[in-house]
1. Considering only segment 194-238, state which residues are farther than 21 Å from Leu169 by Cα and assigned to a loop (DSSP other than H, G, I, E, B).
2. Given the criterion at pLDDT 95 or above and surrounded by fewer than 17 Cβ atoms within 10 Å (Cβ to Cβ), identify the matching residue among Gln165, Gln149, Gln195.
3. Somewhere in segment 178-194, is a residue on the phi < 0 side of the Ramachandran plot and in contact with a Gly (Cβ under 7 Å, 6 or more places away or on another chain)?
4. Could you figure out which of (1) surrounded by fewer than 17 Cβ atoms within 10 Å (Cβ to Cβ); (2) in a helix (DSSP H, G or I) isn't true of Ser181?
5. Can you name every residue in segment 217-226 that is under 13 Å from Ile189 (Cβ atoms) and open to solvent by 30 Å² or more (accessible area, probe 1.4 Å)?
6. Out of all the residues in segment 79-121, which are of a type in the set (A, V, I, L, M, F, W, C) and not in a strand (DSSP E or B)?
7. When you go through (1) free of Cβ contacts under 8 Å to residues at least 24 places away in the same chain; (2) of a type in the set (Asp, Glu); (3) closer than 24 Å to Pro90 by Cβ one by one for Glu167, which number turns out not to apply?
8. Looking at this structure, is Ser241 in a loop (DSSP other than H, G, I, E, B), modelled with pLDDT of 95 or more and open to solvent by 60 Å² or more (accessible area, probe 1.4 Å)?
Amino acid sequence: MDLTLLSAVFTVLLGFSAQSHSLVRSHDEGVDPDPSQRLDITSRILGANRRVSQILVEGDVAISKTRNAMKCWGGYCTWKKSYNGLVEVPYTISDYYYDSEKASILKAMETFHQKTCVRFVPHRGQTDYLSIESELGCWSSVGRDGGHQVVSLSVYGCLEHGTIQHELLHALGFHHEHTRSDRDRYVRINWGNVQAMNKYDFHKKDTNNLNTPYDYTSVMHYGRTVFSSGFGDTITPIPDSSVAVGQSKEMSDIDILRINRLYRCRN
């Protein structure tokens with residue numbers, strides 16, 4: 001083969017190899033996607049969950065192994081407070097993650113440490129703990145479920161700051177904001193625009209709202225087009241329909257307030 005042609009083929013193959021590698025681990029350098037291409041947080045999560053085969057409620061909530069419903073009765077599925085007043089949540093992080101990916105997870109945990117009494121601590125043999133793994137998709141059960149409890153943060157789309165905090169909030173016991181018991185005063189669910197198979201995902205929960213206001217800016221709020229049948233928005237804020245929902249990049253002040261109230265922090 002002509003050496004010039006051989007060199008050209010080799011160059012093309014190198015370029016293809018580099019491109020393929022970038023597709024495999026898009027977050028290996030912790031680079032945030034182009035803001036112009038930013039989707040609402042729920043759309044990003046649902047995009048990452050397209051190939052998940054297990055049953056997930058509301059798009060990213062795993063069915064409890066120990067409870068018949070998602071509600072925490074009597075606080076038994078909250079994490080326990082230590083004698084020092086801190087709520088210690090043991091965790092492990094899979095070695096599948098690159099160091100930079102582990103750093104992204106630890107950075108998302110740090111806001112909890114700075115602004116609440118929750119502390120994510122390395123697992124040291126405790127019975128109940130979070131196992132953070134890169135399974136298919138982004139998902140968690142709600143609250144302390146007992147034993148080895150997986151929080152899935154796939155390297156394929158789940159390592160943005162707000163997404164990590166979203167799943168950790170589920171693990172601490174929090175639901176999506178649009179399912180609050182008082183939500184009908186703040187948002188309208190456009191049932192005619194919701195895909196038939198997803199109507200259950202918009203049912204209200206018997207939530208403990210902790211005497212906090214409805215929060216359009218919560219990192220736990222659905223975007224306005226989530227589970228749309230393609231004929232319009234599924235969620236419309238009221239009375240001002242122009243209010244942004246689902247666009248948070250991290251926990252809101254009210255998200256933090258709720259953690260402190262649920263766990264009776266002194267912060």
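1. Of everything in segment 194-238, those that are farther than 21 Å from Leu169 by Cα and assigned to a loop (DSSP other than H, G, I, E, B) turn out to be Gln195, Thr225, Phe227, Ser229, Gly230, Phe231, Gly232, Asp233, Thr234, Ile238.
2. Gln195
3. Yes - at least one qualifying residue is present in segment 178-194.
4. (2)
5. Arg224, Thr225
6. Trp79, Leu86, Ala103, Ile105, Leu106, Ala108, Met109, Phe112, Cys117
7. (1)
8. yes
The values are calculated or read from the model by the stated rules, or taken from the named source; none is laboratory data. The structure presented is a predicted model; accordingly, all values stated were derived computationally and were not measured. Methodologically, a virtual Cβ is constructed for each residue, glycine included, from the backbone with ideal geometry; neighbour enumeration extends over all protein chains shown. Ligands, DNA and RNA are excluded from the accessible area calculation, which covers all protein heavy atoms including side chains. Shrake-Rupley method; radii C 1.70, N 1.55, O 1.52, S 1.80 Å.
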